[in-house]
Every structure is written in C-alpha cells, then in structure tokens.
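The values are calculated or read from the model by the stated rules, or taken from the named source; none is laboratory data. Bear in mind that the values here come from a model prediction, so they are computed numbers and not experimental data. Here the Cβ positions follow ideal geometry from the backbone for every residue, glycine too, while neighbour counts run over all protein chains shown.
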Amino acid sequence: MLDPLRSQGYAAGMIRKRIRRFTWLLGLAVLTPTCACSNWEPTGESLVPAQMSRTAGMASADGAVTFWENGSLESKVRLDKGPVAITVRALGNRVDGESPALLVDLDGRKVGRLVIDTQGEPKDFSLKAEALNTGTELLRLSFDNYVAKEVPLQSRWLVVQRVSIDQGAEGGTSP
C-alpha cells in the first residue's frame, strides 16, 4: 500500500498538515477569550496610555503620552452595568490662566471633564460615571486645546501617565 503523503506529493501532504494544525490553533484562539471572559469580575483595570489608540500626541518609553495639540486616547474596556470610577494620572501647564482639560466619554456619551490644574508633579484626577450596559465599552479621553481668546494660546500641553478604571463602592453617577 502506498503512503498517502507520497501518492499526492510530499509538499501537498505537508500543506494539509499545516492547515489542520493552524485550524486547531485558530479554534483555541477563538475559544480562549470566550472562556476567560465568562468568569470575569470587575476589580479594576489600569491602562497604559502609550498602548491605547491615539489620534495625536507622542508616546514615551515609560508609557505616558504627551499632547501639544488636540488629540485623543481610546481603548475598549470591559464593564458591568453600574457605577464606575475613572482616574487619570496627568500633568499639564497653564497658559494665560487656562489649564488643559480632558473630556471623558464612555461609548460616545460624555461622562465628565477633568481640568488638569497641576504643573510639575503629576496628580490623580477622578470622576464618577455610570456604565449603562454590561460588556465592552469604548473609553475615550480627548484633549481639546482650543480656548476662545483673541490671541490663541501658545505652548499649552498635557501628559497622561496612567488611566485606571474601578467598579464597585468607589463608582457613582457623575455630577
């Protein structure tokens, strides 16, 4: 009896073998996240700004992102319906009495505005929000460098070092 690999050619047999292996591995990759998410409990999540999607700004080696112009950071986060506390560790500079501000959205819904009123040392700025659904939501942080003045502001910047999300007793409805 002839070996099936030899009768169809060694290369064809190896290709089929690799396809079977790839299909098996792909099946594991599809099943693994589903299994991991089924026992998920909200305890808190820390996001590295440099690993979030961004529309502007520059990432640094320590994971922070610096904005000199309008820009945003966004990431999908897994939340349960209910209170959410969002904390951003940041610093910025005030120009003409105007501190940088960070707008916070969950799934396109504005949940707050953080005024980054620190210079020199970074601080934690927190707000409370409400997750309307259980599941994945898009968290977006937007730096709007525009201020209505006759002469535009020069050299205002913002550094986002860390973003933390906690659910439970710390969360609540935003004011």
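Here are some notes:
- Scope the stretch 121-137; condition among the hydrophobic types (A, V, I, L, M, F, W, C), assigned to a strand (DSSP E or B) and closer than 15 Å to Gly108 by Cα; matching residues: Ala129, Ala131
- Beta carbons closer than 7 Å, at least 6 apart along the sequence or on distinct chains, pair a first residue in the stretch 124-144 that is of a type in the set (Lys, Arg) with a second that is not in a strand (DSSP E or B) for Lys128/Gly171; Lys128/Thr173; Lys128/Ser174.
To keep it simple, each residue is scored yes or no on (1) over 13 Å from Arg162 (Cα atoms); (2) surrounded by 15 or more Cβ atoms within 10 Å (Cβ to Cβ); (3) of a type in the set (Val, Ile, Thr); (4) touching a residue at least 12 places away in the same chain (Cβ under 8 Å).
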site: Met52; (1), (2), (3), (4): no, yes, no, yes
site: Ser60; (1), (2), (3), (4): no, no, no, no
site: Val65; (1), (2), (3), (4): no, yes, yes, yes
site: Asn70; (1), (2), (3), (4): yes, no, no, yes
site: Glu74; (1), (2), (3), (4): no, yes, no, yes
site: Val77; (1), (2), (3), (4): yes, yes, yes, yes
site: Lys81; (1), (2), (3), (4): yes, no, no, yes
site: Thr118; (1), (2), (3), (4): yes, yes, yes, yes
site: Pro122; (1), (2), (3), (4): no, yes, no, yes
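- Only one of the listed residues (Ala56, Ala50, Ala90, Ala85) is assigned by TED's automatic domain parsing to the domain that holds Trp157 and in a helix (DSSP H, G or I). That residue is Ala50.
- Checked against the criteria, Ala61 counts as within 26 Å of the chain's Cα centre (by Cα), at pLDDT 80 or above and part of a loop (DSSP other than H, G, I, E, B).
- Qualifying residues in the stretch 84-113 (those that are of a type outside the set (Lys, Arg) and in contact with an Asp or Glu (Cβ under 6 Å, 6 or more places away or on another chain)) - the one nearest to Ser126 (Cα to Cα): Thr87
- Residues of the stretch 104-117 satisfying the condition of being under 20 Å from Val48 (Cβ atoms) and either modelled with pLDDT under 90 or in a strand (DSSP E or B) (or both): Val104, Asp105, Leu106, Leu114
- The set of residues from the stretch 128-145 being surrounded by fewer than 19 Cβ atoms within 10 Å (Cβ to Cβ) and farther than 23 Å from Ser155 by Cα comprises Lys128, Glu130, Leu132, Asn133, Thr134, Gly135, Thr136, Leu138.
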